[in-house]
């Protein structure tokens, strides 16, 4: 009762201080920095730009501000000598607890005020993809804990140092570590969490969990440090060590502090989010395993049960072997390092198995004994929370398992057989049980079908394919079948994105692009038979294509991107631009040079978009909205001060130089290069000749040692030189 | 209330020995004056009694219990006005006293707060922010917080510093009334403050007790001895100065 009264009075006193109000006001305003200058979430989704960035900026700025407030307030009682009165009535240790609680409450109120104040703005900026859940979680997980952790850290620094100046130095150094050295380490960046993207159309379960885990780890660690520093509070005229010794007589206090520190270390070491894959990306130990002699695999099945609440997977995978060697053999499987194998049975009896500590490309190696019998069925039961590759630790979110979206790739779905010949041809039957509203989409030509519906709102989907691995997407998808280019294109996009896709005339765009590009450049190499799946995925920072399926990153279809006039005059035209990338831009088509290189996927894509628009809306429209715009931008480019005086650009600080050079590169890729291609078109004899050249380039035989399409390849195909296209 | 000091010494971590082997008995009711020059050890002595410091040797007992064990109990029974104190400028007088009343865990805080405000004549300034108070009004607020809840043991370290003569007389009389049913320990430089109201006088210098008795006894014990500051002093001042000069010669 006394503690509650003291807390309310201390909070009341804190809220009467102008410093507190200034801190709170600046913290509430700090998300604005995320809209303008501080944009750690690099992805182009609306929620990354208008929700993640503001809350991350608020996290860093608010944390620092509340840390400073804490040191200031702690020192204030001493500075104003009011502590001589207070400590007569209550012990400094009790007062420190009350003060911590009051500061934490002030931080909580500030965070709530910030969330309320920014709600209408962020809602408006995000548009139709705004999600209340993501909004609340962003403030509660990204921003709020930073304020409290900063209070703990600053308070500990003051208890230990006992001086304003030294405490400020310690706190600023600790915050500085998070903002600099630790900024790309997802477990250490306590102030500014590693969040590179928030999905607009699907879920963000994984990234919120990851940040929450990091926050809890730090909360435990800093609570332990705080308790130790609390025991060091000077009392009875004694120094730091004498006070520590005296306050530690109640032995449970230091024990609890060390217990918390121990828990935080354990949480750090045994974190469940990221694996320990070999950081050497050229390592290929699992791909160089010797193939078993006399053993083949005639098929495999898997029954997979994602738990969308916990984000875990459990499953049973069966492998059917023919073993004509007459000996026991050791089969090797790649399995997600987060999974635990509970049993492996061979022909119904338990068989020995091990899981390696060594991990490579997000897989650990499970080895199990195949009996010497001629036929053997190996049944593996596994479950767990899938870990992500440590190479992508600062870009988490790929292994998403939630009630809105699931992506399970290869060893995340079921153990991947590694040391048997022709694993790519193994017939596979996969069953997965999902919430009823979800659609299962195998990333292949296979079509999943519902085989049973269950009580509790789940359904089991089944599909058949080939190979040892495979990727499965599931979510609340809308499917549109579009006949174009002689095939059926199955366009899958998230239900939440329906309004945006319809307003951008997605189906018409797909039809126009597939018809045009197939006719002019040839069919896509990865379309298989008569169908092609175009699957909108959760933001992953790019797309990829394989047998019969191609992935479209949701970031390409955001409201902001579809209204990017550099890519098209209307959302539907930007949609066409993004779809043209299926021809120009996937996989290894363009050399991985610097992103400032004018020759990139964008030049041919913008040119092709212009050609399609010309066909759809006429020459005048295309020239007005494309060629004239390119020319205008290119003219400005050549008049740009830094283009004419590159030595001044070199003299600028790195961040300013990069900003300017990236903007200039954008003009070269999106405007100058299309103009050059247009000039080449004139020089080679017109559109038909250029189409033939591009057709040849698109269908050329690849040299797999260097499969890229270079600018020189293009010039050679046109029988032109760089100088011929110099003045555009 | 009974406070007993046995062979109490206090040495600060920097090696400065502030008190040497003090032996004293303090019983309520009574108003005890504590006199001594600057640096004599008065404030250290009061801080030890207030539980803000722990002696390096010796023991202090409050009502028969060691002070180290009776810390929380003593805090509940103690009103302390340090020599050098501050206030929260952003609060009003009432808010500050309410805050202190909560710290002291008083049963009827509102009543206690207004009683203290009336006692120190701050009723008109009760709802004024402390930042706008004069030095004397701040001192009175400090005294008010010490009086909160009528504690059985009052320690007042230079309480009348900064007060005008009229206020000093008022507070002298107030402390005298307060001492009727409690123990009041009054440390001061102003001999006039203690002469008229203190039933007992303790003189400290260089960390040791030079005198412990009634003011009259001090005057009698020093009568006829030379002192260092001849002039228009009162008898008690003469006796006090004589005592200090005698100590200085030793």
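The values are calculated or read from the model by the stated rules, or taken from the named source; none is laboratory data. Remember, predicted model here, so these are calculated numbers, not experimental data. Every residue, glycine among them, receives a Cβ derived from its backbone with ideal geometry; neighbour counts consider all protein chains shown.
Points worth noting:
- Those helices (runs of 4 or more DSSP H) lying entirely in region A:476-586 with at least 2 residues outside the structural domain of residue A:607 (by TED's automatic domain parsing), crowded, with 17+ Cβ neighbours inside 10 Å and at pLDDT below 80: A:559-562, A:571-580
- On inspection, residue A:43 passes the criterion of being under 30 Å from residue A:497 (Cβ atoms), more than 14 Å from chain B (Cβ to nearest Cβ) and outside any helix (DSSP H, G or I).
- The set of residues from region A:229-252 being part of a helix (DSSP H, G or I) and over 16 Å from residue A:161 (Cβ atoms) comprises A:242, A:245, A:246, A:247, A:252.
- Checking each residue in region B:89-104 for being in contact (Cβ under 8 Å) with a residue 24 or more places away in the chain, within 22 Å of the chain's Cα centre (by Cα) and at the interface with chain A (Cβ under 7 Å from one of its Cβ atoms) picks out B:100, B:104.
- Within region B:152-165, being farther than 16 Å from residue B:191 by Cα and crowded, with 23+ Cβ neighbours inside 10 Å holds for B:154, B:155.
- Lone unmet requirement of (1) in a helix (DSSP H, G or I); (2) within 14 Å of chain B (Cβ to nearest Cβ) for residue A:211: (2)
- Matching entry among A:160, A:191, A:219, A:166 (being assigned to a loop (DSSP other than H, G, I, E, B), farther than 30 Å from residue A:475 by Cα and modelled with pLDDT of 90 or more): A:191
- Any hit, region B:28-37, residues being without any contact (Cβ under 8 Å) to a residue 24 or more places away in the chain, assigned to a strand (DSSP E or B) and touching a strand residue (DSSP E or B) at 6+ places or on another chain (Cβ under 6 Å): no
- Residues in region A:225-260 that are within 13 Å of another protein chain (Cβ to nearest Cβ), in contact (Cβ under 8 Å) with a residue 60 or more places away in the chain and farther than 13 Å from residue A:93 by Cβ: A:240 alone.
- Test for residue B:245: is it part of a helix (DSSP H, G or I) and modelled with pLDDT under 80: yes
- Region B:55-72, subset within 13 Å of chain A (Cβ to nearest Cβ) and at pLDDT 85 or above, residue surrounded by the fewest Cβ atoms within 10 Å (Cβ to Cβ): B:56
- Criterion applied to A:18, A:5 was being under 30 Å from residue B:49 (Cβ atoms), surrounded by fewer than 19 Cβ atoms within 10 Å (Cβ to Cβ) and without any contact (Cβ under 8 Å) to a residue 60 or more places away in the chain, and the one residue passing it is A:5.
- Test: residue in region B:114-128 that is assigned to a helix (DSSP H, G or I) and within 11 Å of chain A (Cβ to nearest Cβ): no
- Residue A:326 vs. criteria free of Cβ contacts under 8 Å to residues at least 60 places away in the same chain and either assigned to a helix (DSSP H, G or I) or assigned by TED's automatic domain parsing to the domain that holds residue A:392 (or both): yes
- Test: residue in region A:705-720 that is under 35 Å from the mean Cα position of the chain (by Cα), outside any helix (DSSP H, G or I) and farther than 25 Å from residue A:523 by Cα: no
- Residue A:683 vs. criteria surrounded by 13 or more Cβ atoms within 10 Å (Cβ to Cβ), in a helix (DSSP H, G or I) and modelled with pLDDT under 90: no
- Of A:610, A:621, A:638, A:617, all but one fail to be closer than 26 Å to residue A:553 by Cα and either out of contact with any strand residue (DSSP E or B) (no Cβ under 9 Å at 6 or more places or on another chain) or not assigned by TED's automatic domain parsing to the domain that holds residue A:691 (or both); the exception is A:610.
- Region A:325-350: number of residues that are farther than 15 Å from residue A:418 by Cβ and surrounded by fewer than 19 Cβ atoms within 10 Å (Cβ to Cβ): 12
- Taking region A:462-485 as the range and being farther than 16 Å from residue A:408 by Cβ, in contact with a helix residue (DSSP H, G or I) (Cβ under 7 Å, 6 or more places away or on another chain) and touching a residue at least 24 places away in the same chain (Cβ under 8 Å) as the test, the residues that pass are A:466, A:476, A:480, A:482, A:484, A:485.
- Failed item, numbered, when residue B:14 is tested on (1) surrounded by fewer than 17 Cβ atoms within 10 Å (Cβ to Cβ); (2) assigned to a strand (DSSP E or B); (3) within 14 Å of another protein chain (Cβ to nearest Cβ): (2)
- Which listed residue is modelled with pLDDT under 85 and either touching a helix residue (DSSP H, G or I) at 6+ places or on another chain (Cβ under 9 Å) or assigned to a strand (DSSP E or B) (or both), from B:110, B:20, B:75: B:75
- Residue B:85 vs. criteria within 13 Å of chain A (Cβ to nearest Cβ), touching a helix residue (DSSP H, G or I) at 6+ places or on another chain (Cβ under 8 Å) and either within 19 Å of residue B:150 (Cα to Cα) or surrounded by fewer than 17 Cβ atoms within 10 Å (Cβ to Cβ) (or both): no
- Positions within region A:11-38 being more than 8 Å from chain B (Cβ to nearest Cβ) and modelled with pLDDT under 90, in sequence order: A:36, A:37, A:38
Residues are listed down the side, and each one gets a yes or a no for (1) in contact with a strand residue (DSSP E or B) (Cβ under 8 Å, 6 or more places away or on another chain); (2) assigned to a loop (DSSP other than H, G, I, E, B); (3) closer than 14 Å to residue A:275 by Cβ:
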{"position": "A:344", "(1), (2), (3)": "yes, no, no"}
{"position": "A:355", "(1), (2), (3)": "yes, no, yes"}
{"position": "A:358", "(1), (2), (3)": "yes, no, yes"}
{"position": "A:376", "(1), (2), (3)": "yes, no, no"}
{"position": "A:399", "(1), (2), (3)": "yes, yes, yes"}
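- Residue B:61 being assigned to a helix (DSSP H, G or I) and over 29 Å from residue B:244 (Cβ atoms): no
- Taking the criterion of being buried (at least 24 other Cβ atoms within 10 Å of the Cβ) and at pLDDT 95 or above, the residues of region A:62-74 that qualify are A:62, A:63, A:64, A:66, A:67, A:69, A:70, A:71.
- Test: residue in region A:81-98 that is part of a helix (DSSP H, G or I) and away from chain B (no Cβ under 14 Å): no
- Residue tally, condition closer than 21 Å to residue A:243 by Cα and surrounded by fewer than 19 Cβ atoms within 10 Å (Cβ to Cβ), over region A:131-159: 0
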